[in-house]
Amino acid sequence: SGWDVWTDTPSGNEALIELVRDRRFDVVGFSIGNDRAIQALAELIRAVRTSSRNRAVRVLAGGPLLIARPQIAALVGADGTAVDARQAMLEAERLVAARDEGR
């Protein structure tokens with residue numbers, strides 16, 4: 001679909017924050033597997049939004065927990081969710097188009 005995708009996983013939260021500060025990303029995606037990670041993911045998403053070079057960055061969340069309980073996406077502050085990679089690509093396109101229409 002023409003996306004440039006960054007697949008190198010940062011070594012930790014600080015490395016991710018530095019990455020989004022240094023490079024412009026339209027969408028940042030996260031995967032969450034269990035309830036214990038909800039608060040930490042919410043804090044990380046806030047930090048990504050605050051630090052991002054792109055002030056209009058969109059956040060996608062997926063993973064086993066969100067497949068079972070998609071409402072968690074709103075709790076962590078994600079803009080959208082997807083159950084698989086194909087749906088994530090479509091949702092990312094939708095989020096960026098909606099963002100661009102609002103400009």
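What follows draws every value from the coordinates through simple rules; no lab data is involved. These figures come from a predicted structure and were not determined experimentally.
Dividing the Cα radius of gyration of the chain by its Kirkwood radius returns 0.93 for Rg/Rh.
In plain terms, the C-alpha convex hull of segment 12-53 casts an average shadow of 2.9 nm² when viewed from every direction.
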